[in-house]
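The values are calculated or read from the model by the stated rules, or taken from the named source; none is laboratory data. Not measured: the values here are computed from a predicted model. No Cβ is skipped: glycine too gets one built from the backbone with ideal geometry, and neighbour counts run over all protein chains shown. Areas reflect the complete protein model, heavy atoms only, side chains present, ligands, DNA and RNA absent. Shrake-Rupley method; radii C 1.70, N 1.55, O 1.52, S 1.80 Å.
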Amino acid sequence: MIAKATLPQSVGFLGKEHNVMGVHMHNELANLVHGPKKLDEFWDWLSERIQRYKVQALMGDFNLSLFRVIPELRSRGVVIDLGAWYPWKSLEGEPMTDSCGIFFV
């Protein structure tokens, strides 16, 4: 989903109006159930939409591909940085993370 957000006051470098995109990657796509070609097509589709609609904030659940978002989109010409994610450690001290992230474009 892509929408224009209009706020009563400016939000940093985004200003009062900015385009936002919400994405939920299907777990079968992230797990390559349908092969790597489908996942490559998804990254192509996503980068094209980001550029066409001038998306400034990308938010989503990328399942097992959270750490692929930046390299995949940068390789397709998108200027993108991580804004937020949710890391933690298990009770045994093992690094863990959720699959959701917010990115600034």
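Yes or no: segment 2-14 includes at least one residue that is on the phi > 0 side of the Ramachandran plot and assigned to a loop (DSSP other than H, G, I, E, B).
Applying the first criterion (on the phi > 0 side of the Ramachandran plot) to segment 2-14 yields 12.
Checking the rest, the ones that are also assigned to a loop (DSSP other than H, G, I, E, B) come to none.
No, segment 2-14 has no match at all.
Test ARG52 against the criterion of being over 13 Å from PHE103 (Cα atoms) and among the basic types (Lys, Arg), and give yes or no. Spell out the reasoning first.
Values: over 13 Å from PHE103 (Cα atoms): yes; among the basic types (Lys, Arg): yes.
Yes: the conditions hold for ARG52.
For segment 11-21, which residues satisfy the criterion of being exposed (fewer than 13 other Cβ atoms within 10 Å of the Cβ) and at pLDDT 90 or above?
Of everything in segment 11-21, those that are exposed (fewer than 13 other Cβ atoms within 10 Å of the Cβ) and at pLDDT 90 or above turn out to be LYS16, GLU17.
Considering only segment 48-67, how many residues are part of a helix (DSSP H, G or I) and either open to solvent by less than 10 Å² (accessible area, probe 1.4 Å) or at pLDDT below 95 (or both)?
First, pick out the residues of segment 48-67 that are part of a helix (DSSP H, G or I): 48-52, 63-67.
Okay, now just the ones that are also either open to solvent by less than 10 Å² (accessible area, probe 1.4 Å) or at pLDDT below 95 (or both), so 50, 63-67.
Residues meeting the conditions: 6.
Specify the residue that is farthest from THR6 (Cα to Cα); the eligible residues are those in segment 21-77 that are among the small types (Gly, Ala, Ser) and in contact with a strand residue (DSSP E or B) (Cβ under 6 Å, 6 or more places away or on another chain). Steps first, please.
Let us first name the residues in segment 21-77 that are among the small types (Gly, Ala, Ser), namely 22, 30, 35, 47, 57, 60, 65, 75, 77.
Filter once more, so that each one left must be in contact with a strand residue (DSSP E or B) (Cβ under 6 Å, 6 or more places away or on another chain): 22, 57, 60.
Details: GLY22: 16, ALA57: 13, GLY60: 20 Å.
Looking at the filtered set, the residue picked out is GLY60.
Show the residue pairs meeting these rules: Cβ distance below 6 Å; 6+ apart or different chains; first residue within segment 86-105 and within 18 Å of LEU64 (Cα to Cα) and touching a residue at least 12 places away in the same chain (Cβ under 8 Å); second residue among the aliphatic types (A, V, I, L, M) and in a loop (DSSP other than H, G, I, E, B).
PHE103/ILE80
What are the pairs, 6+ residues apart or on separate chains, where a residue within segment 8-20 that is closer than 22 Å to ARG52 by Cα has its Cβ under 7 Å from a residue that is polar (S, T, N, Q) and exposed (fewer than 13 other Cβ atoms within 10 Å of the Cβ)?
LYS16/THR6; LYS16/GLN9; LYS16/SER10; GLU17/THR6
From the residues in segment 21-42 that are part of a helix (DSSP H, G or I) and over 18 Å from the mean Cα position of the chain (by Cα), which one is nearest to TYR53 (Cα to Cα)? Can you show your working first?
The initial filter retains those residues of segment 21-42 that are part of a helix (DSSP H, G or I), namely 27-30, 36-42.
Of the ones still in play, those that are also over 18 Å from the mean Cα position of the chain (by Cα) are 36-37.
Numbers: PRO36: 26, LYS37: 24 Å.
Going through the qualifying residues, I end up with LYS37.
Which pairs have Cβ atoms under 9 Å, sit 6 or more apart or on different chains, and link a residue in segment 61-77 that is within 16 Å of GLU28 (Cβ to Cβ) to one that is among the basic types (Lys, Arg)?
Partner pairs satisfying both residue conditions: PHE62/ARG68.
Quick check, is GLU92 open to solvent by 70 Å² or more (accessible area, probe 1.4 Å), of a type in the set (D, E, K, R) and assigned to a loop (DSSP other than H, G, I, E, B)? Lay out the reasoning, then the answer.
Details: open to solvent by 70 Å² or more (accessible area, probe 1.4 Å): yes; of a type in the set (D, E, K, R): yes; assigned to a loop (DSSP other than H, G, I, E, B): yes.
Answer is yes for this residue.
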